[in-house]
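Novice: Okay, handing you the structure first.
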Amino acid sequence: MIVAMTLTELEAIIRKAWSKDTSDDPDEWTESDSARGQCGATAMVVHQLFGGVLLVSDVFREGTRVETHYWNRLPSGLEIDLTREQFRAGETFGEPKVIDPATAREPKPESLRRVRLLHFLVAEAFVKPN
């Protein structure tokens, strides 16, 4: 049986599932910065659950590109970014680009492993035993 829940409850489930194993940056991941390295896997899981498109942007610190950030635009047009708080050092973001995962290139095996793990952990919380 699938459980109905609010977006706030879904966010809590996703955040609880984050770990070093789901992070793209496990050496910098900590419980106090649990969003660190979670943007790609989280955006893919939200996309798998709700559709829409992924948004991706370069991240800049003091004018230098330091990494890439992903978040979601749902079919309704609402943008959801559950991992933005990982940027705490005055980072700025470039113009976002839209990615349709259905037409995007195949993710790297390590990225795919993290997405599958996070999806499993989140989906597991949705299902209640009969």
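Quick note: the coordinates plus some simple rules give every number you see, no bench work behind them. What you see is a predicted model, and the numbers here were worked out from it, not measured in a lab. Quick reminder, even Gly has a Cβ in these numbers, built from the backbone with ideal geometry, and neighbours come from all protein chains shown.
Novice: Of the labelled options [x] 13, 43, 33, 11, 0; [y] 12, 43, 36, 8, 1, 0; [z] 9, 16, 15, 11, 8, 8, 7, 7, 6, 5, 5, 2, 1, which one gives P(r) over Cα pairs in 10 Å bins from 0, in percent as computed for this structure?
Specialist: Among [x] 13, 43, 33, 11, 0; [y] 12, 43, 36, 8, 1, 0; [z] 9, 16, 15, 11, 8, 8, 7, 7, 6, 5, 5, 2, 1, the one calculated here is [y].
Novice: If you line up the long axis of helix 39-50 against the longest principal axis of the chain, both from Cα atoms, how many degrees apart are they, to the nearest 10?
Specialist: 40
Novice: Want the number for Arg15 to Glu91: 0.36 nm per residue separation, take away the alpha-carbon distance, what's left?
Specialist: 25.2 nm
Novice: Of Gly52, Gly37, Gly77, which is the most mobile in a GNM of the chain whose springs link Cα atoms less than 10 angstrom apart?
Specialist: Among Gly52, Gly37, Gly77, the largest mean-square fluctuation in the Gaussian network model of the chain belongs to Gly77.
Novice: Roughly speaking, what is the centre-to-centre gap between segment 1-43 and segment 70-130 when only Cα atoms are used, to the nearest Å?
Specialist: Cα centroid of segment 1-43 versus Cα centroid of segment 70-130: 9 Å apart.
Novice: Given the options Arg116, Arg73, Arg105, state which has the largest fluctuation in a GNM of the chain using a 10 Å cut-off (strictly under) for Cα springs.
Specialist: Result: Arg105 has the largest fluctuation of those listed.
Novice: While we're here: Based on Cβ point charges of +1 for Lys and Arg and -1 for Asp and Glu, what charge dipole magnitude is obtained for the chain about its Cα centre, in debye rounded to the nearest 20?
Specialist: Value, rounded to 20: 360 debye.
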